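See structure below.
The values are calculated or read from the model by the stated rules, or taken from the named source; none is laboratory data. In this text, all values refer to a predicted model and were calculated from it rather than measured experimentally. In this analysis, Cβ positions are derived from the backbone assuming ideal geometry, glycine residues included, and neighbour counts consider all displayed protein chains.
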Amino acid sequence: MLTKEQIAQRIAKELKDGYYVNLGIGIPTLVANYIPNGINVVLQSENGLLGIGPFPFEGEEDPDLINAGKQTITTIPGSAFFDSALSFGMIRAGKVHLTVLGAMEVSDTGDIANWKIPGKMVKGMGGAMDLVASAKNIIVAMQHCSKDGQSKLLTECTLPLTGIKCVKKIVSDLAVLEVTQNDGFRLLERAPGVSVEEIKSKTQGRLVIEGNIPEMVF
Amino acid sequence: MNKTVANAEEAIKGITDNMVLGLGGFGLCGIPENCISAIVNKGIKNLTCISNNAGVDDFGIGLMLQKKQVKKMISSYVGENAEFERQLLSGELEVDLIPQGTLATRLMASGYGMPAIYTPAGVGTEIANGKESRKFIFNGEEKEYLMEHAFEIDYSIVKAWKGDTMGNLIFKATSRNFNPLIAMAGKITIAEVEELVPAGKLDPDHIHLPGIYVHRIFQGGNYEKRIEQRTLRKKV
């Protein structure tokens with residue numbers, strides 16, 4: 001099973017030189033720590049920044065400079081600030097190459113649920129609905145099963161949806177899966193020590209397994 | 001033309017019970033602290049507040065919630081606020097949750113004089129319920145879009161870094177966020193700034209929001225600028 005850090009590390013391998021990337025709150029934020037050498041990417045923060053830098057040193061934090069998770073951050077050489085309409089404008093126009101976000105459930109047609117649990121206090125969708133409706137490439141970082149062992153990769157989401165037919169790839173603690181156009185999840189890689197059988201038993205949605213499924217290497 | 005008023009108390013004159021307010025800021029970043037205090041002190045009630053977030057328990061719009069001045073919040077995210085949750089669950093407070101980009105663009109539409117916009121955000125979700133939608137072929141792809149209306153705001157209240165006496169505004173770093181959009185959507189717009197200078201002192205090439213959208217401006221003071229998540233890097 002992958003740790004949260006390893007999920008982030010695996011997703012970082014999907015980054016390509018020249019990408020503009022939006023990383024969601026939680027595990028996706030950790031992806032920034034594993035950007036491969038020689039790959040230049042610019043991170044977008046939907047509150048109005050291209051070019052997120054590392055956290056500031058103590059005493060250098062600026063309350064006017066935060067990321068979408070409201071954390072103090074810094075800029076990089078070449079950063080740019082803008083307002084929230086322009087921020088979502090560039091997202092909607094498909095200028096951001098990759099969006100990484102967390103999910104509570106994903107369906108085998110690429111629907112995603114990650115903003116609301118009926119009966120619990122609803123905090124809001126923030127920018128998630130805008131991101132999933134427009135991003136060309138969406139990778140989801142998630143746990144394969146809920147705490148009580150229920151699969152979160154389903155034929156159909158049970159929770160209120162954030163967006164439909166949008167997720168392209170999933171990196172869970174057990175596997176890397178591609179969401180295909182018509183055939184459900186395609187198993188691409190398995191976590192070290194996790195068998196195809198285990199992934200099969202923990203995936204409720206349609207699962208395509210072809211040939212030998214390689215184990216991830218860290 | 002001089003839009004300067006003395007202080008927050010003078011700036012919020014005319015704001016009365018039951019009005020629709022727009023408030024700039026993202027989390028606690030770039031919020032109009034002085035005007036929020038003035039509204040709290042004046043005890044104006046039954047307000048509908050359009051703001052991306054609702055502050056925290058003891059700061060920002062949270063201060064207005066404590067005094068039960070807010071009837072309805074229109075926001076994209078309202079976490080980090082226990083009093084908000086209590087009032088929502090007890091039915092004292094209404095909330096309308098809107099995708100962040102839709103919120104920003106509906107505000108922009110108001111300032112651009114457009115009654116509505118089309119966005120793909122929320123298609124296929126409960127947000128789409130009851131909304132007009134249509135398909136467009138755009139960027140080589142046929143997709144469904146929701147029609148979302150512009151806002152009508154009685155008073156917009158924003159915070160900028162620098163401003164001049166004609167109402168021209170410059171924002172700092174990510175405290176720009178929703179501020180110019182809220183500002184352009186107000187029938188009357190109030191700007192509080194950290195530094196107010198005479199017209200002519202700001203380079204016209206550096207103005208983020210032209211003063212035509214601003215009706216009253218004053219230099220605020222005692223900015224607390226509270227940080228929600230102080231995240232630091234260790235020196236190696």
(request) Could you tell me whether B:V158 is surrounded by fewer than 19 Cβ atoms within 10 Å (Cβ to Cβ) and in a strand (DSSP E or B)? (result) no
Note: among B:G163, B:G200, B:G221, just one is within 27 Å of A:G59 (Cβ to Cβ) and either within 14 Å of chain A (Cβ to nearest Cβ) or not in a helix (DSSP H, G or I) (or both), namely B:G221
Residue count, the stretch A:5-62, condition buried (at least 16 other Cβ atoms within 10 Å of the Cβ) and in a strand (DSSP E or B), comes to 12
Q.
Among the residues that make up the stretch B:106-125, is at least one of them at pLDDT below 95, in a loop (DSSP other than H, G, I, E, B) and polar (S, T, N, Q)?
A. no
Inspect all residues belonging to the stretch B:48-59 and state whether any of them is crowded, with 18+ Cβ neighbours inside 10 Å and among the hydroxyl-bearing types (S, T, Y). yes
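Taking the stretch A:26-50 as the search range and keeping residues that are in contact with a strand residue (DSSP E or B) (Cβ under 7 Å, 6 or more places away or on another chain) and of a type outside the set (A, V, I, L, M, F, W, C), which one is farthest from the other protein chains (Cβ to nearest Cβ)?
Our first condition is that a residue be in contact with a strand residue (DSSP E or B) (Cβ under 7 Å, 6 or more places away or on another chain); within the stretch A:26-50, this holds for A:26-29, A:31-32, A:41-50.
If we keep only those that are of a type outside the set (A, V, I, L, M, F, W, C) as well, we get A:26, A:28-29, A:44-48.
Details: A:G26: 13, A:P28: 15, A:T29: 10, A:Q44: 12, A:S45: 7, A:E46: 7, A:N47: 5, A:G48: 5 Å.
Top of the filtered list is A:P28.
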The residue from A:I27, A:I39 that alone is among the hydrophobic types (A, V, I, L, M, F, W, C), closer than 30 Å to A:P214 by Cβ and in contact (Cβ under 8 Å) with a residue 40 or more places away in the chain is A:I27
By residue number, the members of the stretch B:87-123 that are without any contact (Cβ under 8 Å) to a residue 12 or more places away in the chain and either in contact with a Phe, Trp or Tyr (Cβ under 6 Å, 6 or more places away or on another chain) or facing chain A (nearest Cβ under 10 Å) (or both) are B:L88, B:L89
Taking the stretch B:5-60 and keeping residues over 23 Å from B:A82 (Cα atoms) and hydroxyl-bearing (S, T, Y) leaves B:T16
Of the residues in the stretch A:162-202 that are surrounded by 17 or more Cβ atoms within 10 Å (Cβ to Cβ), touching a residue at least 60 places away in the same chain (Cβ under 8 Å) and small (G, A, S), the one that is nearest to B:E142 (Cα to Cα) is A:G184
Scanning the stretch A:103-148 for residues that are without any contact (Cβ under 8 Å) to a residue 24 or more places away in the chain and of a type outside the set (D, E, K, R) gives A:G119, A:M121, A:V122, A:G124, A:S146
Original post:
Hey, does the stretch B:166-181 have a residue that's within 14 Å of chain A (Cβ to nearest Cβ), in contact with a Cys (Cβ under 8 Å, 6 or more places away or on another chain) and outside any helix (DSSP H, G or I)?
Top reply: yes
The stretch A:131-218: strands (runs of 3 or more DSSP E) wholly inside it with 3 or more residues that are under 24 Å from B:E126 (Cα atoms), modelled with pLDDT of 95 or more and more than 14 Å from chain B (Cβ to nearest Cβ) are A:138-142
